[in-house]
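To start, the structure itself, in structure tokens.
What follows is calculated from the coordinates using simple rules that are stated; it is not laboratory data. This one's a predicted model, so the numbers in the text were calculated from it and none came from an experiment. Quick reminder, even Gly has a Cβ in these numbers, built from the backbone with ideal geometry, and neighbours come from all protein chains shown.
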Number of protein chains: 2
Amino acid sequence: MRLTKRLAVGVALSIFSYQLFADTSVVSDEQKATAAQLMESALESDLGFDIVESLTTEIGPRLGGSEAEKRARDWGVKLGKKLGFDKVSIEEFTMPFWDRGHLHISLNTPYQQALYGTALGGAAPSEKSIQTEVVYFRDIHALSEVKPGELAGKIAFVDGDLLVKSQTGAGYGQANQRRRKGWQYAERGNARALVVRSVGSDSRRFPHTGMMSKDGDKWASIPVIAISNPDADHLRRLHNLGKPLSLTLHSESKWKGDVSSGNVILDLVGSEKPEEIVLIGGHLDSWDLGTGAVDDGAGIAITTAAAALISKLPKRPKRTIRVVMFGAEEVGLLGAFAYAKQHEDNLHNHVVATESDFGAQTIWQLVSNVNPEATLLIDEIAKVISPLGIVRGGSDVPGGGPDIIPLVEQGVPTIRLNQNGRDYFDLHHTPDDTLDKIDPDELAQNIAAYAATIYLIADSDVVLKK
Amino acid sequence: MRLTKRLAVGVALSIFSYQLFADTSVVSDEQKATAAQLMESALESDLGFDIVESLTTEIGPRLGGSEAEKRARDWGVKLGKKLGFDKVSIEEFTMPFWDRGHLHISLNTPYQQALYGTALGGAAPSEKSIQTEVVYFRDIHALSEVKPGELAGKIAFVDGDLLVKSQTGAGYGQANQRRRKGWQYAERGNARALVVRSVGSDSRRFPHTGMMSKDGDKWASIPVIAISNPDADHLRRLHNLGKPLSLTLHSESKWKGDVSSGNVILDLVGSEKPEEIVLIGGHLDSWDLGTGAVDDGAGIAITTAAAALISKLPKRPKRTIRVVMFGAEEVGLLGAFAYAKQHEDNLHNHVVATESDFGAQTIWQLVSNVNPEATLLIDEIAKVISPLGIVRGGSDVPGGGPDIIPLVEQGVPTIRLNQNGRDYFDLHHTPDDTLDKIDPDELAQNIAAYAATIYLIADSDVVLKK
């Protein structure tokens, strides 16, 4: 039993202050009191941490489409039943499977030295070991100017800079272009392989993996390897000394045909409008290097625990609360697109959707993208959760998380409980994404915020659609 | 050119205050002014950082006895000549070479998962891949009670705890027993291999390597593998859930016969008593996983740069200042023992000896182990370097660093400029020991302290021997 006393006291004070003022039009005093009670319960509960501990320990890494991801779905079903959800199911879909395989990458000239690298998602194998000269590019802009055939027989290395730490993750999208699109320029130059400074804000010797983007329907036909920031620093320094560089590289990563994946759906059926769905969730798959604790075991734990706390109330909220444990997010939002497809006839009944997929640090802001009248509801919710240290952000901020993208495209309204992401890009997509990186108190703050917010939307009659 | 203004100002004030008081008996005002000037120069200089950048970049990892360590010796000679040392030489010795080779280690039961492990120095190969049950031991005490033959056919895993962070490194020696001696108990139990929670204060997914201890003349005859703290946490949690564990393990590490290594000796010959030697140094070899920046490129840089600054004075100090870049420290202080042997007839002329081998964070304390009269000299030196934030510690604290042990055994007096080692065991002996972990300002503070301290001892007539 956890007691985060400072927060617990704050919540109690809020309950008291509600009673001094008249009801607002959109949230009743009773609802506010219930929300406050949910927050107190969340802050005292170990449930969220227990969930992410169980997922990371009993399942481990769970790459989209793998046997481990299947075990994770079975785990999700068992968990949902144990926690008393009203309906628990798996919705399967088919996907192409990319396998990392074994990688060897080392500096060959001016001397032998191991490099810490990992293949990027979607990369082709090298077939055999490559040992060849490196052409250095200071950044993606320099690489983008490569002329056809200019890199024939060589390995391109695209440098860049340490990602600047940011509460919001700003900067990641831009830095990530070298991971996403670098291969297209390298292939234009006819390079034998591309090596990329990994996109992370840490100076640990772990590379960050992640998916590349397709060029239309085409994946990379060469190996593409991310190396850690200290390794990239090393190559840069050698390059700046005027040393000719060569690497040895052998990568077995490849596409392996179609496999099954799936989404796990846990429903708390609404007491008055069961057809109206408030969708929350995280993604069940992880990259294979770590055990997927902050990305996204935390999101699974936060949203499942929040709903489970709501399920203990004497009465179900009016609307259905649905937790979706999305499959195969990392490898292209495949579960998210499958969900949107499988539920396309019912998306008009999705009242709002939001995902927790930015780590496990505290939530600091609530943003929304709903109609103007419903914005008042979100404003009220922001006041209710403010004792958790959460401020109200913009009311026209699009996006509810990666797996919500296909729903947004179909007009589903969104909110987002923004987490502090300052340390997220130290860990995500690396072997270091393990349970020890999660602070149980910070996780509990997330659950408190989700429980109160989702309860208040699910128990409301306000229409959120624009 | 660096300017650490706060420190620089402190030093300037000290010079002024000296002039208000009469000379002490052991350090003249002129010497104090020279020492202060050395400190100012050190704080403004990039020389130290340039040295460690060059060593880690141009040589890279340099395991004792390897071809890379030979390149490092040549680098040391070239550096010594360039910096204007009066005598530069290599003193070779022969040593047995242990090679890490390739390692595969993964969880096999209850499911497949890569583990982040590395062989411990001196470990035997597995010959072929081992796949077998794990017997869990909570700590080295539990393992030490194993009965003969009890572990036949199995892998022993000895857990422990995250090393507590400490300014002084206290706790490392005790925690390190599982690395040093665990194999003896595992062999008594007839285990096929031993896996050890690596001895580090970090929760990064890097294992710490390091040498095991011999049992008399005998090295381990089984593979011994350290796994990272998060991996050890994982095995512990699975064990606590009552899950039977099995591992797959294949290690190629082995002894490979005798090779050459050597110490690099850089002398500034004394102007009045050239036969008297003030010995400082670090170790030139590193573990092979990182690039040996904090362990011990920093020590090489600190002591070489300090002596190089002294060499720029108009006149050499009275006594000879000798920088020793010891070879093969990590694999058993082999360079240190070779030095003591090769100079055994001249150790009575070694006035004092000290090594920098505890990272690159700031120095906070000066301790000594010299005769009572000479203690007054060290007290005076402590006052001179106090503007650097350094306090005077004990005057009967034995030890001048690992490579000084064989000299201490022969009665050579020691001092030690103690560094803050709080973060040292996050990095040492891991792949993460790279240049980016060194703060140039903290390194410069070290050089300032060494330059002033060593100058004042070398320019003194005080006998330090007990």
Whose amide H sits under 5 Å from the amide H of A:GLY200, counting only residues 5 or more places off or on another chain, with H placed in the peptide plane?
-> A:LEU163
With a cut-off of at most 13 other beta carbons within 10 Å, and DSSP calling the residue loop, which GluC sites (Glu not before Pro) in the range B:362-466 qualify? Please list them.
-> B:GLU409
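Using helices alone, I'd like the mean residue ellipticity at 222 nm for chain B: each DSSP H run of four-plus residues gives -39500 (n - 2.57), total over residue count, nearest 500. Write down the numbers at each step before the final one.
Working: 14 runs with 151 residues, N = 466.
Taken over chain B, the calculation gives -9500 deg cm²/dmol.
What does the highest-first list of B:116-123, B:255-262, B:96-103 look like by mean Cβ count within 10 Å?
Working: B:116-123: 25.8, B:255-262: 15.6, B:96-103: 17.1.
Descending packing order for the listed peptides: B:116-123, B:96-103, B:255-262.
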Computed over the Cα atoms of the protein assembly as shown, what is the ratio Rg over Rh, Rh following Kirkwood?
-> 1.03
Could you give the semi-axes, largest first, of the ellipsoid that matches chain A, computed as the square roots of 5 times the alpha carbon gyration tensor eigenvalues and rounded to whole Å?
-> 43, 22, 19
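Helices from chain A with mean Kyte-Doolittle at least 1.6 and a Cα length along the axis of 15 Å or more, per DSSP H: which? Please list the in-between numbers first.
Numbers: long enough: A:5-18 (20 Å, 1.09); A:29-44 (23 Å, -0.61); A:67-82 (23 Å, -1.58); A:177-188 (16 Å, -2.77); A:229-240 (16 Å, -1.80); A:298-311 (19 Å, 1.82); A:372-385 (20 Å, 0.87); A:440-458 (26 Å, 0.68).
Helix filter hits for chain A: A:298-311.
Sort the range A:101-252 into rounded, prolate or oblate with this rule: let a ≥ b ≥ c be the square roots of the eigenvalues of the Cα gyration tensor; rounded if a/c is under 1.5, and if a/c is not under 1.5, prolate when a/b is larger than b/c, oblate otherwise.
rounded
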